[in-house]
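Encoded as structure tokens, the structure appears first; notes follow it.
The values are calculated or read from the model by the stated rules, or taken from the named source; none is laboratory data. Quantities reported herein were computed from a predicted structural model and do not represent experimental measurements. A quick note on method: Cβ atoms are made from the backbone with ideal geometry, for glycine too, and the neighbour counts reach across all protein chains shown. Remember, those area values only see protein heavy atoms, side chains included, never the ligands or the DNA or RNA. Shrake-Rupley method; radii C 1.70, N 1.55, O 1.52, S 1.80 Å.
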Amino acid sequence: MLILGIESSCDETSAAVVEDGRRILSNVIASQVTVHRPYGGVVPELASRQHLSHIGPVVDGALREASVELSQIGAVAVTQGPGLVGSLLVGLCFGKSIAYARDIPLVAVDHLEGHIRAAYMERDESAPIPHPAVSLVVSGGHTGLYLMKEEACYELVGKTRDDAAGEAYDKVAKRLGLGYPGGPVIDRLAEHGDPRKIPLPVAKISDGSDDFSFSGLKTAVLRAIREHSIDPVAEGEDPMGRTDVLNLAASFQKAVVDALVSTTKGVSIRVNARAILVAGGVAANRQLRSEFGRLGEKLKVPVVFPSIALSTDNAAMIAAAGYLKFLRGEFSGPDLNAEVELRLGEGGERRSRRHL
Ligand code: KG4
Ligand code: ZN
């Protein structure tokens, strides 16, 4: 069963052909980073325009790379939300049109479930992920912790009260003149800095909840920049030569990673988790991966990360999540609309209407 997955929730236009929810035949991604870089973040209006010009060639490219014809596709899976409305609508309408024209099922996918399914789709079938599992989704727009008593069943137990983890990376990077997106560059620089030189508070909520908060950390970074008179990296300057920037990057990253790991650890112990999953763009972070690896050893549970390529936004994960809904017969009709605030696991996950 071949599914064509389409993802356009933020600033990546992606299409993929995936067989039986696991075997990736193609996963084409058109990135818009160069368009948004001068602004230090995603400009929604520019993003939708970019999606409009990329969506056709990206879908064509995915079919070509997979060496399949549209007539061989059994269903279309599209990201319904959460995300930017203009961006979502481009992929959604394109997917709807294909499903309608070919008379094949249309499946609406929650972007966050897609991130989580990326961790499942690469897992060897002979070693299924045990449950209950705790899933941390950390991306540019979302930071949420989910209890999964069983596969594909999500209960939100903690989320960010302000900035998402990736958003904090992007804002700090912008302030330090490191460009957009901030995560990969801070990841690289942090490795060469000493976090003890400019200590920052761990980004932790103190009311005993399992929520996160990163805006206080962002303010602490701004204060440190002032107190240590740290100038932003100038255009053309090599940040590797800037010890102050390297140390601040290391300290910031440590604060983020400590918060994510310690809250996930607390929840995992409490619910007796048998596995921990970490997904979303920030899951590409090397320090996060190694600290979670250590946590897994300590708790004696497997920690599952998608490969780096499937951690950031892509359509293969949407096709994988769509396959589950396809098997359950959860199809959408031509009235499917984008849901900017689709909330996975928040009591009554909104599911698309059954289309018989
Ligand atoms: O999941 P994603 O591709 O898009 C959203 O759904 O938001 O995540 C993008 C976010 C950006 O904020 C980016 O800075 C962050 O993921 N990111 C990273 C790394 N690679 C990407 N953050 C930390 N370390 C990385 N290596
Ligand atoms: Zn994402």
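Name the residues in the range 77-91 that are under 14 Å from the mean Cα position of the chain (by Cα) and small (Gly, Ala, Ser), would you?
Hits for the range 77-91 are 81, 83.
In the range 311-327, how many are under 17 Å from the mean Cα position of the chain (by Cα) and open to solvent by 10 Å² or more (accessible area, probe 1.4 Å)?
Number of matching residues: 2.
Return a yes/no flag: does the range 151-173 have any residue that is away from ligand 2 (no atom under 16 Å from the Cβ) and closer than 30 Å to residue 53 by Cα.
Yes, the conditions are met somewhere in the range 151-173.
Looking only at the range 240-279, filter to residues that are open to solvent by 20 Å² or more (accessible area, probe 1.4 Å) and of a type in the set (Ser, Thr, Tyr); which one of those is nearest to ligand 1 (Cβ to nearest atom)?
The qualifying residue nearest to ligand 1 (Cβ to nearest atom) is 262.
Which residues, taken from the range 321-343, are outside any helix (DSSP H, G or I) and either among the aliphatic types (A, V, I, L, M) or away from ligand 2 (no atom under 16 Å from the Cβ) (or both)?
Passing the criteria: 329, 330, 331, 332, 333, 334, 335, 336, 337, 338, 340, 342.
May I ask you to list the residues in the range 280-319 that are more than 15 Å from ligand 1 (Cβ to nearest atom) and farther than 24 Å from residue 268 by Cα?
319, the sole residue that qualifies.
Pull out all pairs, ordered by first then second residue, where Cβ-Cβ is under 6 Å, the residues are six or more apart or on different chains, the first lies in the range 156-170 and is under 12 Å from residue 217 (Cβ atoms), and the second is within 13 Å of ligand 2 (Cβ to nearest atom).
Cβ pairs passing all conditions: 160/143; 165/138; 165/143; 165/282; 167/140; 169/183.
Against the definition (within 19 Å of residue 84 (Cα to Cα), touching a helix residue (DSSP H, G or I) at 6+ places or on another chain (Cβ under 7 Å), more than 15 Å from ligand 1 (Cβ to nearest atom) and small (Gly, Ala, Ser)), how does residue 15 come out, yes or no?
So residue 15 fits the description; yes.
Checking residue 179 against (1) among the small types (Gly, Ala, Ser); (2) at negative phi; (3) at pLDDT below 95, only one condition comes out false. Which one?
The number of the failed condition is (2).
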